[in-house]
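Trainee: One structure, as structure tokens, below. Some questions next.
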Amino acid sequence: MAMLKKPVTTVLIAVSILVSGASAEQAPSLAELLKLAGDYHADFVNRISGVTLEEQYQLIDVTGGKMQPPTRIASDVVFVNLNGGVAALRDSYAVDTRPLRDRTPRITALLATPTATVKDWAAVIEFPAQGARYFGIDLILKVNEPTFALRFIGHGVQPDLKYSLDGRKKFNGVEAMGIRFEEPAAQEKQYITGSRGNARASGRIWVDPATGAIHSTELWLDSKADTASITVKYAPYPSVNLLLPSETNETYEERQAASGPRDLTRSVDSGRGGNRISYQATAKYSKATLTPIDLRTLKK
């Protein structure tokens, strides 16, 4: 009987080889993971169109290291499929608990009907501007949609970016893999964000290697005139059967070395001089509802 027993060391080595082989088979390559994420994005764009989240946004001016009282902005954020990408339409309804308007679902009331028209769309895209001045600086208005980083993972943009695998981390009980992305640097190039300083983007998108589902995004922007760091965590919302933004952490800095004039009509005047304006922000999202919107059916 003793001769039939394999040494413990041999058994452990065999098990180790089997586990390693299984892990290698399960972990997709970069190309496979990009395809999974791109496919997920294409489906997600359609499924999210018409989803509304309640947003509680807190913005703090920290220019010069001096923290000002926070500005708290409450909004409805409605996501739509706009030309194959996710656009987040913010309709603010209160600032520091002071109502800005009657809280009614203005966007879905106009767009989620069979009779919605191009004129209705023109009215809707003016709503974000009505609360724009409370968001501090142009850079924030340009990039603080919670789904902004998703535009760096769709199939259409993948050939234009550099990607690499970058780590593993657990989100929502899932061991996600990180995809690092970067816009290649080039002179006279207009980068995707379109910020005043033409900031170049890089970041990381955390993807479920089994399904391509996106559980978190990190976006970093940098130019001589502006910088930003935006982290977004996603969570399951059973009411709409989707992973959606649940919270963000953001930092912004705008410097006067921008190549173009500053749009003062859309920025809060802090009343203080200096060449740098800095902000920290957080956002919380809740209460997902879905009223499907299909912009392709808009009537002229």
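To keep it simple, each residue is scored yes or no on (1) at pLDDT 95 or above; (2) buried (at least 21 other Cβ atoms within 10 Å of the Cβ); (3) among the hydroxyl-bearing types (S, T, Y); (4) closer than 30 Å to Q26 by Cβ.
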position: Y163; (1), (2), (3), (4): yes, no, yes, yes
position: A185; (1), (2), (3), (4): no, no, no, no
position: Q190; (1), (2), (3), (4): no, no, no, no
position: N198; (1), (2), (3), (4): no, no, no, no
position: I205; (1), (2), (3), (4): yes, yes, no, yes
position: S216; (1), (2), (3), (4): yes, yes, yes, yes
position: W220; (1), (2), (3), (4): yes, no, no, yes
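Trainee: Can you pull out every residue in the range 87-112 that is among the basic types (K, R), closer than 15 Å to A129 by Cβ and in a loop (DSSP other than H, G, I, E, B)?
Mentor: Scanning the range 87-112 gives a single hit, R101.
Trainee: So which residues in the range 36-68 are more than 28 Å from W206 (Cα to Cα) and at pLDDT 95 or above, if there are any at all?
Mentor: Scanning the range 36-68 gives D61, V62.
Trainee: Here is a list of conditions, (1) assigned to a strand (DSSP E or B); (2) more than 26 Å from S223 (Cα to Cα); (3) hydrophobic (A, V, I, L, M, F, W, C), and W121 meets all of them except one; can you say which number that is?
Mentor: Checking W121 against (1) assigned to a strand (DSSP E or B); (2) more than 26 Å from S223 (Cα to Cα); (3) hydrophobic (A, V, I, L, M, F, W, C), the one that fails is (1).
Trainee: To continue, here is another question. In the range 65-84, how many residues are in contact with a Leu (Cβ under 7 Å, 6 or more places away or on another chain) and under 24 Å from D120 (Cβ atoms)?
Mentor: Matching residues across the range 65-84 total 5.
Trainee: Within the range 32-64, how many residues are among the basic types (K, R) and more than 16 Å from V157 (Cβ to Cβ)?
Mentor: Going through the range 32-64 one residue at a time, the tally reaches 1.
Trainee: Let me ask something additional. Looking at the range 84-97, is at least one residue among the β-branched types (V, I, T) and within 16 Å of T291 (Cα to Cα)?
Mentor: Yes, there is a match, as at least one residue in the range 84-97 is among the β-branched types (V, I, T) and within 16 Å of T291 (Cα to Cα).
Trainee: Something else now. For the range 127-138, name all the residues that are more than 21 Å from the chain's Cα centre (by Cα) and within 22 Å of K299 (Cα to Cα).
Mentor: none
Trainee: If you don't mind, there's one more thing I want to ask. Working only within the range 241-300, note down all residues that are on the phi > 0 side of the Ramachandran plot and modelled with pLDDT of 95 or more.
Mentor: The answer is N241, K287.
Trainee: Which of the residues belonging to the range 173-183 are free of Cβ contacts under 8 Å to residues at least 24 places away in the same chain and not acidic (D, E)?
Mentor: G173
The values are calculated or read from the model by the stated rules, or taken from the named source; none is laboratory data. Since the model is a prediction, treat every value here as computed from it, not as a measurement. Heads up, the Cβs are rebuilt from the backbone with ideal geometry, glycines too, and the neighbour counts pull from every protein chain shown.
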